[in-house]
Amino acid sequence: MPFSLDYDEVYRLQRLKTFGILDTGAEDAFDAITKAAAHIVRAPIALLNFIDETREWCKSAWGMGRQHASRENSLCAMAVMLGNELVIRNAKEHPEFQDHPQVVGERQVTAYVGIVVKSRDGVALGTLCTIDRRERDLTEGEIHALRTLAASVTELLETRHLEAELADTQRRLENAASSRDEFLAMLAHELRAPLAPIHTAVEILEHPETSKAQRKWSRGILKRHVRHMSKIVDDLLSASLVSIGAIDIRLESTNVATLLEQALETSDTAIKKARHSLSVSVDKAIYAQADATQCPLIITNLILNAATYTAPGGRIHIAVESTEEAVSIAVRDNGAGIAPADIDAIFQLFRQTGRSLARTKGGMGLGLTLARRLAELHGGNLVARSAGLGQGSEFILTLQRATPSETPVNKIPLLPADAGEPLSVLIVDDSRDAADAMGLYFEVIGHDVRVVYSATDALATARARAPDVLLSDIGLPDLNGYELMREIRKLSNASSTLSIAITGYASQADKDAALAAGFDAHVPKPADAGKLEALVNQLYCSKRVLK
């Protein structure tokens, strides 16, 4: 009998599999339903069958053993395809069914009633059926009772599925809580560890008999550990921004060799320190759709990961391959490798593996998490491969292929990092220590500095004498930094003031808001004083050139 129905079989099979009922053993709850079905209609046989790609699979049977059949020879499969109940009074005399394998075969089906078992969203999963070897007419009341029993199968399936989902959610929450606790313990360790050498270095600097060499050593200790703590804070901030989708990826045609150069500039020190040999294979004519700021960070994290988990004197190779549609950047090493069970775990936030917990390596282990998420935001992906522990590893970043951009990118001309004259610098931050420290730095390098701690005072100071440079926080207690900037731009004497937002609000949206308010640049906290000085000099010189 040819049956046809316009329905989504792929989705039906997916829904069936979500219940996890196939290939399971007999269960009392389902056996009670088939027993009730047989007794209600006084049939010798009742079956609960589910239809997958190839089978009529029997979950419960009353009056015969659990037997499975091929889908093409199944009356229940016909009912499922119809999506409605199938009632046959006498199959042996029915022209459509008299030659059916289940009618002429071992089952000797004469009367058949199949009530379709559906999920709550109406997807046909199988049937609750009764079989008799003699001609039968069921009453409407008996049919209704079978429908009620079929509905109870649905409720049983859905309830168990929900319970399984809740149990899985509970397990995942418990695992997440455990991983979070481990992560916080590691974070506490990483933040505490530098405090002792920092405290010691400060005491050495304060001691009146400290030698020049000892002072130099102490300053080196302070710089190194402050950089370490800043890196932790930056990684945590980046993780937060990525997790809430607050990083704006701006894709443009970008030369892949240039991306590698930027990444290698950042990671070069780590490679040299570990005495690794590095080789790079890249066609300089290959372009990819990439964010010129965020994509180098992905590659940097992959290179630093290779440098960290490869013993000194190891080998790191970077290879770029391309097709018409995609570009792959592979970073390979002969280092520690990854256990098969950890291949996916190394990318999970707050999920620590034995590899990432190695105390000798330090760090928070956030780099790969951020790298994969950034790759996904690029419309690409990041995967890891390893033959196992001690067998090295390979990380492959895939991006969309691009053609060279025909529009030249306008860049600020390179200028000497020296404004050439003392500048009037106004610093506003409600954190007094942060404001005073930055003010002292710019005083030491020769600028005329005024420090205030509120937007109101900053506005009054600017009205009295407009600064050459304004360095402003955004989260101020009275007016916020955006409002302050808009008010300052209204001052006739401040039209040429170079204004830089220095703030913990570090997403792309925050940067856009700062520029829209009138700031010339946006620098996320914690700001490196030396880099900020260079930025001030370059932007101030640019403003003079453009006047």
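The values are calculated or read from the model by the stated rules, or taken from the named source; none is laboratory data. Not measured: the values here are computed from a predicted model. Please note: Cβ atoms are built from the backbone with ideal geometry, for glycine as well, and neighbour counts cover all protein chains shown.
Tabulated data for the structure shown
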item: Helices (runs of 4 or more DSSP H) lying entirely in the range 460-547 (those with 2 or more residues that are touching a residue at least 60 places away in the same chain (Cβ under 8 Å) and within 39 Å of the chain's Cα centre (by Cα)); result: 508-517, 529-546
item: Hits in the range 237-270 (condition: of a type in the set (A, V, I, L, M, F, W, C), assigned to a helix (DSSP H, G or I) and either in contact with a Ser or Thr (Cβ under 9 Å, 6 or more places away or on another chain) or exposed (fewer than 14 other Cβ atoms within 10 Å of the Cβ) (or both)); result: ALA239, LEU241, VAL242, VAL256, ALA263, LEU264, ALA270
item: Number of positions in the range 302-347 that are under 14 Å from ILE286 (Cα atoms) and of a type in the set (A, V, I, L, M); result: 5
item: Any pair with Cβ under 6 angstrom, 6 or more apart, that starts in the range 363-390 at a residue that is closer than 15 Å to LEU302 by Cα and assigned by TED's automatic domain parsing to the domain that holds ASN305 and ends at one that is modelled with pLDDT under 90 and part of a loop (DSSP other than H, G, I, E, B); result: GLY365/SER356; THR369/LEU349; ALA384/ILE343
item: Residues within the range 305-314 that are within 15 Å of SER386 (Cα to Cα) and not hydrophobic (A, V, I, L, M, F, W, C), tallied; result: 3
item: Among (1) in contact with a helix residue (DSSP H, G or I) (Cβ under 8 Å, 6 or more places away or on another chain); (2) among the hydroxyl-bearing types (Ser, Thr, Tyr); (3) loosely packed, with under 13 Cβ neighbours inside 10 Å, the one test that THR210 misses; result: (3)
item: Positions within the range 512-528 being at pLDDT 85 or above and surrounded by 15 or more Cβ atoms within 10 Å (Cβ to Cβ), in sequence order; result: ALA513, ALA514, ALA517, GLY518, PHE519, ASP520, ALA521, HIS522, VAL523, PRO524
item: Lone qualifier among THR407, THR403 - being farther than 30 Å from PHE347 by Cβ, polar (S, T, N, Q) and at pLDDT below 70; result: THR407
item: Qualifying residue in the range 294-309 (condition: touching a residue at least 40 places away in the same chain (Cβ under 8 Å), farther than 29 Å from GLY337 by Cα and hydrophobic (A, V, I, L, M, F, W, C)); result: no
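One line per residue, one yes/no per condition, for (1) acidic (Asp, Glu); (2) in a loop (DSSP other than H, G, I, E, B):
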| site | (1), (2) |
| --- | --- |
| ALA43 | no, yes |
| GLU72 | yes, no |
| LYS92 | no, no |
| VAL103 | no, no |
